[in-house]
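A short write-up of the structure that comes next.
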Amino acid sequence: MNHPKREDWVPYLYGEAKPDLRRQLKQHLEGCAECREELQNWKRSLHQLDAWKLPRRNSRLDAFAPFLKWAAAALLVLGLGFGFGRLTARQADLEKVRARVEPEIRREFAEMLRREIDKSVATTLAQAQRQAEEVGATYYALLKKDLDTVAINTDVSLQQAQRELMQVADYKQPAERQTKEQ
């Protein structure tokens with residue numbers, strides 16, 4: 001006998017199966033004692049799960065108890081370490097330590113400052129050079145454009161002057177003037 005799949009029984013069990021599937025599963029249950037028993041076991045399990053209640057917590061402190069225990073343990077370890085360190089450490093004269101450390105710190109700081117200034121100067125110079133090249137290229141393009149315009153205008157003016165000179169060269173005096181002049 002072919003039994004329906006388990007995933008077909010879940011919607012039936014919760015009352016969400018489609019009518020056709022519900023009718024097929026009911027028919028199968030009428031003829032199959034094994035599936036009927038399995039479905040009854042599932043229903044009993046669901047009722048037991050529905051009836052099961054979680055125990056209530058007594059207080060909010062119970063939720064934080066593990067964290068408080070770890071915090072107390074950490075505080076104890078840190079306190080013991082600090083106390084042990086204080087007891088075993090040599091008493092150093094603060095002025096002697098400062099006198100030994102201060103020149104080294106000043107030297108390190110001066111070297112670091114020098115490196116940063118060198119890096120800043122190099123970056124600034126490179127940036128200034130790029131900007132100067134951009135400005136130079138822009139002015140070159142503008143100057144070339146102006147010179148090209150002047151050259152074109154000069155060429156046009158020269159051509160016009162040549163035409164006018166040619167007209168003057170081909171000019172003939174009127175006949176009356178020619179006879180008076182002779």
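The values are calculated or read from the model by the stated rules, or taken from the named source; none is laboratory data. Please read all numbers here as calculations on a predicted model, not as lab measurements. No Cβ is skipped: glycine too gets one built from the backbone with ideal geometry, and neighbour counts run over all protein chains shown.
Can you go through Gln162, Gln129 and tell me which one is modelled with pLDDT of 85 or more and not basic (Lys, Arg)?
After ruling out the rest, the residue left standing is Gln129.
Take the conditions surrounded by 10 or more Cβ atoms within 10 Å (Cβ to Cβ) and more than 43 Å from the chain's Cα centre (by Cα) and apply them to Phe109. Does it pass?
Judged against the criteria, Phe109 is not a match.
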**Asked** Just one of Glu34, Glu38, Glu16 is modelled with pLDDT of 85 or more and outside any helix (DSSP H, G or I); which is it?
**Response** Glu16
**Asked** Do we find a residue being surrounded by 10 or more Cβ atoms within 10 Å (Cβ to Cβ) and assigned to a helix (DSSP H, G or I) anywhere in region 49-64?
**Response** yes
